[in-house]
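Have a look at the structure below, then the notes.
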Amino acid sequence: MKIRLDKWLGALNLGSRKQVQELVRAGKVRADGQTVRDPGESFDPETTVLEVGGKLLDGRLVRHVMLHKPAGVLTAARDPKQPTVMDLLDPVYARLGCMPVGRLDKDTTGLLLLTTDGELNHRLLSPERHVYKRYRATVAGTLTAADVSRFAEGLDLGDFTALPAELRILSAGEDTSEAEVTVREGKFHQVKRMFGAVDHEVLTLHRCSFGPLELDPGLQPGEWRELTEEETKALLDAAKMNGDKA
Ligand code: URA
């Protein structure tokens, strides 16, 4: 989508509307190799090659980021006392309005998606979209086939009944068990509450996937990268944003 050059430069934090207009009128801005002198001319920020003051700039306003969230940081845009996931990213993402899609608890690790696209964010969280999330959990006690059935039936959590979820036991020891669980909701403490309902305390929780995205095994805790083109396309498909707005 095309936007006015002065609005674009403002969104990139290059100054106030007045300052960026002066920059353009002074001939300091080039778009696709051409000097632009009209701040009201429109361009597509996602595809136009932008140079300001002779320097090539990444002018894209739409960014989607995959973060390997470490334990100990909050999923929040900012917090006065504690580190947040935004502190792990380059500050440009906060300036562009990149926001976490849903939240992971402070002690939960794994895949957290962040995006500048508010509509995409909203759609991925909407209960009707049924975006699947897969977690790996270590829990106290011995998981059994009865637990698998109870997850599959949909657990009564008091204030709501969780939708049927797939529980796959990876190991069932005397003291602790390991499992993978796939849910299609994202209510507060959902997975911990589901295990709590079958009397297993969650000791560690790690998100392996979110919709079509798998956590990149190359990302260490605290590391992030932008989504690839294929990942972006798959995500937009999951949110039904590739033409189909239904
Ligand atoms: N479910 C939880 O209980 N915690 C998380 O962080 C994510 C899902």
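The values are calculated or read from the model by the stated rules, or taken from the named source; none is laboratory data. Just so we're clear, the structure is a prediction, and the values are computed from it rather than from any experiment. All Cβ positions, even for glycine, are placed from backbone atoms using ideal geometry, and neighbour counts span all protein chains on display.
What to note about this one:
- The residue list 177, 126 contains one member that is among the hydroxyl-bearing types (Ser, Thr, Tyr), exposed (fewer than 15 other Cβ atoms within 10 Å of the Cβ) and away from the ligand (no atom under 13 Å from the Cβ), which is 126.
- In segment 66-78, the residue that is surrounded by the fewest Cβ atoms within 10 Å (Cβ to Cβ) out of those that are out of contact with any Lys or Arg (no Cβ under 7 Å at 6 or more places or on another chain) and not in a loop (DSSP other than H, G, I, E, B) is 68.
- Condition met for residue 192 (within 13 Å of the ligand (Cβ to nearest atom), modelled with pLDDT under 95 and touching a Leu at 6+ places or on another chain (Cβ under 9 Å)): no
- Test: residue in segment 219-231 that is touching a strand residue (DSSP E or B) at 6+ places or on another chain (Cβ under 8 Å), on the phi < 0 side of the Ramachandran plot and small (Gly, Ala, Ser): no
- Residue among 215, 236, 219, 155 that is of a type in the set (A, V, I, L, M, F, W, C) and free of Cβ contacts under 8 Å to residues at least 60 places away in the same chain: 155
- Number of residues in segment 157-174 that are in contact with a helix residue (DSSP H, G or I) (Cβ under 6 Å, 6 or more places away or on another chain), within 14 Å of the ligand (Cβ to nearest atom) and farther than 15 Å from residue 143 by Cβ equals 2.
- When segment 4-60 is filtered for residues that are more than 19 Å from residue 98 (Cα to Cα) and aliphatic (A, V, I, L, M), the ones remaining, listed by number, are 5, 20, 23, 24, 26, 29, 31, 36, 49, 50, 52, 56.
- Among all positions in segment 222-231, there is at least one residue which is hydrophobic (A, V, I, L, M, F, W, C), outside any strand (DSSP E or B), assigned by TED's automatic domain parsing to the domain that holds residue 102 and more than 19 Å from residue 70 (Cβ to Cβ).
- Any hit, segment 143-155, residues being surrounded by fewer than 17 Cβ atoms within 10 Å (Cβ to Cβ), under 23 Å from residue 103 (Cβ atoms) and of a type outside the set (Gly, Ala, Ser): no
- Scanning segment 91-100 for residues that are in a loop (DSSP other than H, G, I, E, B) and surrounded by fewer than 20 Cβ atoms within 10 Å (Cβ to Cβ), we see that the one that is farthest from the chain's Cα centre (by Cα) is 96.
- Those residues of segment 77-90 which are under 16 Å from the mean Cα position of the chain (by Cα) and either at pLDDT below 95 or more than 16 Å from the ligand (Cβ to nearest atom) (or both), in sequence order: 77, 78, 86, 87, 88, 89, 90
- Tabulated pairs, segment 195-209, first over 21 Å from residue 157 (Cα atoms) and more than 11 Å from the ligand (Cβ to nearest atom), second hydroxyl-bearing (Ser, Thr, Tyr) and assigned to a strand (DSSP E or B), C-beta under 9 angstrom, 6+ apart or interchain: 208/135; 209/135; 209/182
- Whenever a residue of segment 25-45 is acidic (Asp, Glu), its partners that are assigned to a loop (DSSP other than H, G, I, E, B) and surrounded by 11 or more Cβ atoms within 10 Å (Cβ to Cβ), lying with C-beta atoms within less than 8 angstrom and at least six residues away or across chains, give the pairs 32/48; 32/49; 44/2.
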